[in-house]
Structures are given as structure tokens and as C-alpha cells.
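The values are calculated or read from the model by the stated rules, or taken from the named source; none is laboratory data. Computed from a predicted model, the values in this text were never measured in an experiment. Note: ideal-geometry Cβ built from the backbone for every residue, glycine included; neighbour counts use all protein chains shown. Just so you know, the surface numbers come from the protein's heavy atoms only, side chains and all, with ligands and any DNA or RNA stripped out. Shrake-Rupley method; radii C 1.70, N 1.55, O 1.52, S 1.80 Å.
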Amino acid sequence: MKKIFFIFNSLLLVVFGALAQPSEIIEEHLKAIHKASHDTIKVIHYNELSALYSSSSPDTAMMHALEALKLSEKSEYKRGEAFAFSNFGMIKNVKGDYTGSLSYHFQALKLFQNLNDKRGVADTYTQIGLVYQVQGNYPLALEHFLNALQIREEILDQRGIATCYNNIGLVYELQAMNEQALEYFLRGLEINERIHDKKGLNVSLRNIGIIFMNLENYAEAKDYFFRSMHISEEIGDLQGVATSWRSIGEVHERQDQDNEALAYYQLALQVCEELNDREGVSANLTNMGNIYRKKNNLNKAIDYCLRSLNLAYKIGSKLSIKNASEILYKIYKTQNDCEKAMVYQGLFMVYKDSLLNEEKQSEIGRLTGQYETERKI
């Protein structure tokens with residue numbers, strides 16, 4: 001156990017030490033802002049900075065986006081306004097404010113459409129789809145991903161097409177449709193390898209790892225997750241690092257290697273807290289709560305799962321509510337507390353049915369079938 005936590009602390013030092021350093025790209029943007037004589041040039045760089053900070057430091061990202069919006073409105077630079085609203089939407093998503101995120105993204109979408117900026121429209125459809133996906137509204141998520149894909153294909157945007165394939169695959173994976181998910185993930189992987197897109201490759205590797213984990217091929221799953229984690233570290237993607245660590249923890253947990261799983265969940269939790277990633281915090285708290293349940297430390301398990309559930313309610317994450325409720329149901333059942341067990345069992349079943357049902361799967365199948373048919377015409 002001591003060895004595990006030595007590795008735990010060492011990894012945190014490596015990641016925060018390496019990723020906390022300001023990159024050359026950020027320094028270049030700051031210098032460009034200082035030298036710029038026109039507001040539109042400043043807006044472009046403020047928006048770029050906001051996008052760069054959106055997952056690693058949301059508050060800093062918000063500061064840059066606000067500056068971009070202020071200068072855009074002053075100079076009537078509509079494209080700058082659109083990108084600022086898009087950045088606001090991404091920041092709100094990271095913070096778990098999904099209603100606010102959608103509001104900003106729809107404002108950005110209207111501006112991009114008025115500008116006939118197809119790439120901006122496609123980017124915004126993708127961001128809207130990601131919010132609906134977190135909320136568990138998979139048909140609406142898929143509809144927006146397919147809208148984005150259609151535009152990406154029109155403008156021959158290979159990187160964007162690969163991103164769409166990954167997003168569509170994830171909708172299938174979340175519906176436990178692993179075969180269909182893997183088909184789209186492999187399409188995305190092939191493109192990302194061909195165009196040498198490390199960020200996209202990172203996502204493809206992690207998603208394929210999820211499928212192998214679902215299929216109980218744990219050696220392959222762990223290999224894909226570690227490959228993804230190393231790329232995340234290389235490109236400075238803290239959120240990607242945290243996601244990979246949580247996935248590696250899940251592989252260990254499914255193999256009943258609970259101490260190793262707990263160490264990785266703690267790693268992921270600390271990064272998510274640093275990023276104010278409330279969805280990630282909630283997910284890791286539930287995972288840790290389940291480990292403590294299996295260790296028969298039930299009071300600690302309840303504490304972690306209730307913290308997760310309260311946070312999940314605040315941000316409106318159906319998936320996190322479902323997962324935390326399931327663990328709490330199991331705990332209270334073990335304690336023979338029938339009243340509480342029934343409450344959390346009911347909550348779990350409501351959200352499970354809300355996330356996974358035949359009607360949604362049918363709608364998802366209809367939407368992708370329609371796209372594939374039109375694609376062949």
C-alpha cells in the first residue's frame with residue numbers, strides 16, 4: 001500500500017509540475033496582445049487563450065473570454081463575439097452548469113450561422129451535443145453530432161470528421177451498444193493516425209479502451225488507457241490525464257485490485273478538484289465510495305456517495321445520480337436499512353430507465369441509419 005501511495009504522490013508531482021508551466025503558445029498569445037494595435041487582433045488572441053485554459057483553469061479562461069467579448073462588442077466584431085460565447089459555453093460545461101452552457105452555445109450558433117461560418121457552426125453543434133450527452137439526452141446529443149458531421153464532410157475537415165466519429169461512438173457506448181461504438185471509434189482512430197492528430201488520437205485510444213474494458217479484455221483496455229494518458233501528459237491535457245487515471249482505476253477495480261483502483265481514483269479526484277471539474281469530481285467520489293463499500297468501511301462509503309449525489313444533483317448529471325444511487329442502495333441493503341435502501345433503489349431505477357431505454361435506442365438507430373443512408377446516396 002505504501003508503494004502505491006508513493007507512486008500516487010510522484011505522479012501528481014510530475015503532472016502538476018509539467019503541466020502547470022506556461023507553454024510557449026500561451027506566452028506567444030500574451031506577447032501578441034501586448035503588441036497588437038487593433039482590437040480585433042487582441043480579441044483573436046484572448047479567445048485563443050480562453051480556449052487553451054478552458055479545461056485546465058476555467059476561471060482564467062473566463063477572464064480572457066470576458067475581455068474578448070468586451071473588445072468585440074466595442075469594435076462590432078461579430079466573429080469575436082461568437083467565439084467568446086462559445087468559450088463561455090465550454091467553461092460552463094466544465095463547471096457543470098449545463099443550462100448556462102447551452103444558453104451560451106446557442107448564442108454562438110446563431111452568430112456563426114449569420115456569418116455563414118460553417119466551421120464555427122460545426123464546432124458549436126459538437127459542443128451542444130456534448131452538453132446533451134452529459135445530461136443523458138442521447139438522441140439530442142446524436143442529432144447535433146450528426147449535424148456537425150454533415151458539415152465536416154462538406155468542408156473536407158478530416159480532423160473534425162474523426163472527432164464526430166468519436167462522439168457518435170460514445171453515444172452508443174453509453175447505451176451499452178459496444179459493437180456499434182467500436183465501429184465509430186475505429187473510424188476515428190484511422191483518421192487521427194493518418195493525419196497525426198495527437199489530441200484526436202488521445203480521445204480515440206481512450207474510447208477504444210472503454211470498449212475493451214466493457215468486453216472484459218482488461219489487458220488491452222489498460223494498454224489503451226496508458227497510451228492515452230501519456231499523450232495527455234505530452235500535450236498538456238489535464239482533464240484527459242484525470243479521465244485516463246479514472247479509467248485505469250476502473251480496470252483495477254473490475255479485477256478486484258481495490259487498493260490500486262483507489263490510488264488511481266484519488267489521483268483523478270485531485271486533478272478534477274484542481275480543474276473545478278464537478279462532473280469528474282462526482283464520478284470519482286462514487287468510485288471511491290464503492291471501493292470503501294467493498295472494504296466494509298460503510299460510513300466512509302456513504303459519505304463519499306452522498307457527496308457525489310449532492311454534486312450530481314447540482315449539476316444535473318443523470319449518469320452520476322444513477323451511479324451514486326446504486327452504490328447507496330447496496331450499502332443500505334447490506335445494513336438492513338430497508339427504508340433507505342428502497343429510496344435509493346427507486347432513485348437508481350428511475351435514472352437508469354431515463355438513461356437507457358428502448359425508445360432512445362430506437363431513436364438513435366433511426367438517426368444514424370438515416371445519416372448512413374444519405375451518406376451512400
Subject >> Of residues in region 83-99 being farther than 19 Å from F112 by Cα and hydroxyl-bearing (S, T, Y), the one least open to solvent (accessible area, probe 1.4 Å) >> reply: Y98
Original post:
Can you name the number of the only condition in (1) at pLDDT 95 or above; (2) under 20 Å from the mean Cα position of the chain (by Cα) that Q113 fails?
Top reply: (2)
Original post:
Out of the residues in region 53-81 that are more than 27 Å from E233 (Cβ to Cβ) and in contact (Cβ under 8 Å) with a residue 40 or more places away in the chain, which is most open to solvent (accessible area, probe 1.4 Å)?
Top reply: R79
**OP:** With the condition kept exactly as written, say whether any residue in region 127-140 is open to solvent by 50 Å² or more (accessible area, probe 1.4 Å), without any contact (Cβ under 8 Å) to a residue 60 or more places away in the chain and farther than 24 Å from G240 by Cα.
**Re:** yes
**OP:** Assess whether G316 counts as being touching a residue at least 24 places away in the same chain (Cβ under 8 Å) and within 25 Å of D256 (Cβ to Cβ).
**Re:** no
